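The values are calculated or read from the model by the stated rules, or taken from the named source; none is laboratory data. Everything quoted here is computed from the prediction, not taken from an experiment. Cβ placement follows ideal geometry from the backbone for every residue including glycine, while neighbour counts extend to all protein chains displayed.
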Amino acid sequence: MADDLKYGYKGAEPTQSFGNNTGVFDPNDINNLIADNKWTSFGQLELIETQTVSGVASVEFTNLKTDIYNVHFMTMSDYVPTTYGKIIKVQLAESGTYETASVYQFAEQYNGLSAGSASFGETKSTGTNSFNCFAQQTTTNGTNDSWNGYCYLYNLGDSSKYSFSTYQTSSTFVNSVQYYSVFGSSVLPQASQVDKIKIFSASGNITNASISLYGIRYS
Amino acid sequence: MAGQLIQVATETVTSAVASVTLTGIDSDDVYMLAFNQVIGSSGNNNLEMRVTESGTANSTSNYDFAHKKLDATGSFSNQSTTNNAEFQLNIQVGNDSAFFEENEGIVYIYNANNSSEYTFITTETVFLNPFSGGLNGSQGGAVFTSASAVDGLNIFFSSGNIASGTFTLYKVV
């Protein structure tokens, strides 16, 4: 309903909630309801949290809103590690405790280019301690090097299902002499509810990165 | 609302059906299909897809696809066919939910509504292999080589029914 009703009439205001909006709305009303998460818009890509960090040991997402979302989407921009040549690790927590054992599986294809020479290959494991979201390839911190990509995560909140990911990355490597793109998938083969995600370097800290976690409503 | 997804259609299968059809593509925007916990009624089949025109699946031999099968326990392989009767999203899918063999995946759809352009898709899927129990995935692309107005998608297994799963079509705006 409009904030200022005409002709001095003001009736009883209905309760507004997601899936139950009643009245005539002007743009200001809609913006206010969106801000309050009360505006009905099915299928939203909803930002849960963005973390832009520098000089940290890890990035953690501790509010996954798995009661709302079956599928999550995560993006990473401008990831640079403090230590040269280390992979990005991702671990999932069950009941608050991170799974650090070598129980994760992944399979990924890398597509590389170095000084005009192409390099393609596969990397895989059925027993690693990282749930891959951004490739299990070494990252570097030279001039203009950065790691970028996205990841879809499935079933995090379903205690009866395994948690899966599919991902793609694009990066420069070794002082931008090399280029890598990677696509792949990963699984935590344990039927459990995941409640936290941690991203960190296999050694050292994260010099800088911007990582966003979204939920895909009604997927 | 830039950079948002708008849900166009969704279907959750709880009892076996031969296929799922989602329509509602009516603009030149990019569209996205998310499928979650999809499993067939019989094993060792491929998850496949056709486009719909005016709500009817097109089964002509106008589908070209190429994707890489990712396998944590075996060799990766290239999967490709031209002039096929459907898109192939992945291969050798199991049907036992007790062994967590459900499919998860994302498909982006390009140029579908444009009647003067071919319809392109990119795909990424993941599931557990019914034979090895290991992680399988597939990523690639495909094209429907007919300049026509596509208004939806028809998803099915190469044999048998879809036993369960959720399919949701979004418009990317």
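Of all the listed residues (B:Asp71, B:Asp28), the sole one being touching a residue at least 40 places away in the same chain (Cβ under 8 Å) and out of contact with any strand residue (DSSP E or B) (no Cβ under 9 Å at 6 or more places or on another chain) is B:Asp28. Inside the stretch B:51-67, residues that are buried (at least 20 other Cβ atoms within 10 Å of the Cβ), over 15 Å from the mean Cα position of the chain (by Cα) and either part of a strand (DSSP E or B) or of a type in the set (Phe, Trp, Tyr) (or both) make up a count of 0. The number of residues in the stretch A:76-90 being surrounded by fewer than 16 Cβ atoms within 10 Å (Cβ to Cβ) and either basic (Lys, Arg) or assigned to a strand (DSSP E or B) (or both) comes to 1.
The set of residues from the stretch A:33-52 being loosely packed, with under 15 Cβ neighbours inside 10 Å and without any contact (Cβ under 8 Å) to a residue 40 or more places away in the chain comprises A:Ile34, A:Ala35, A:Asp36, A:Asn37, A:Thr40. For A:Ala191, the conditions (1) within 14 Å of chain B (Cβ to nearest Cβ); (2) under 17 Å from the mean Cα position of the chain (by Cα); (3) farther than 18 Å from A:Met76 by Cβ all hold with the exception of (2). Screening the stretch A:145-219 for strands (runs of 3 or more DSSP E) wholly inside it with 3 or more residues that are closer than 21 Å to A:Phe106 by Cα returns the ranges A:146-154, A:163-173, A:178-188, A:194-201. The criterion of at least 3 residues that are over 16 Å from B:Asn36 (Cβ atoms) is met, among strands (runs of 3 or more DSSP E) falling completely within the stretch B:121-173, by B:135-144, B:152-157. Of the residues screened, A:Ser203 is not one that is within 12 Å of chain B (Cβ to nearest Cβ), in contact with a strand residue (DSSP E or B) (Cβ under 7 Å, 6 or more places away or on another chain), surrounded by fewer than 20 Cβ atoms within 10 Å (Cβ to Cβ) and over 18 Å from B:Ala34 (Cβ atoms).
In the set (1) within 28 Å of B:Val172 (Cβ to Cβ); (2) at pLDDT 90 or above, the condition left unmet by A:Ser54 is number (1).
In this structure, does A:Ser181 turn out to be in contact with a strand residue (DSSP E or B) (Cβ under 7 Å, 6 or more places away or on another chain), within 14 Å of chain B (Cβ to nearest Cβ) and under 22 Å from A:Leu64 (Cβ atoms)? For A:Ser181, the condition - in contact with a strand residue (DSSP E or B) (Cβ under 7 Å, 6 or more places away or on another chain), within 14 Å of chain B (Cβ to nearest Cβ) and under 22 Å from A:Leu64 (Cβ atoms) - is not met. Just one of (1) modelled with pLDDT of 95 or more; (2) closer than 23 Å to A:Val71 by Cα; (3) not in a strand (DSSP E or B) trips up B:Ala112, so point out which. So the condition that B:Ala112 fails would be (2). Filtered by the rule that a residue be surrounded by fewer than 23 Cβ atoms within 10 Å (Cβ to Cβ), in contact (Cβ under 8 Å) with a residue 24 or more places away in the chain and within 14 Å of another protein chain (Cβ to nearest Cβ), the stretch B:109-129 gives a lone residue, B:Asn129. Listed by first and then second residue, the pairs with beta-carbon distance under 9 Å, at least 6 apart or on different chains, first residue in the stretch B:137-149 and free of Cβ contacts under 8 Å to residues at least 40 places away in the same chain, second surrounded by fewer than 22 Cβ atoms within 10 Å (Cβ to Cβ) and in a loop (DSSP other than H, G, I, E, B), are B:Ala147/B:Asn114; B:Ala147/B:Ser115; B:Ala147/B:Ser116; B:Ala147/B:Glu117; B:Ala147/B:Tyr118. If only residues of the stretch B:12-50 that are part of a strand (DSSP E or B) and polar (S, T, N, Q) are counted, the one that is surrounded by the fewest Cβ atoms within 10 Å (Cβ to Cβ) is B:Thr12. Checked against (1) modelled with pLDDT under 95; (2) more than 14 Å from chain A (Cβ to nearest Cβ); (3) within 30 Å of A:Tyr110 (Cβ to Cβ), B:Gly74 meets all criteria but (2).
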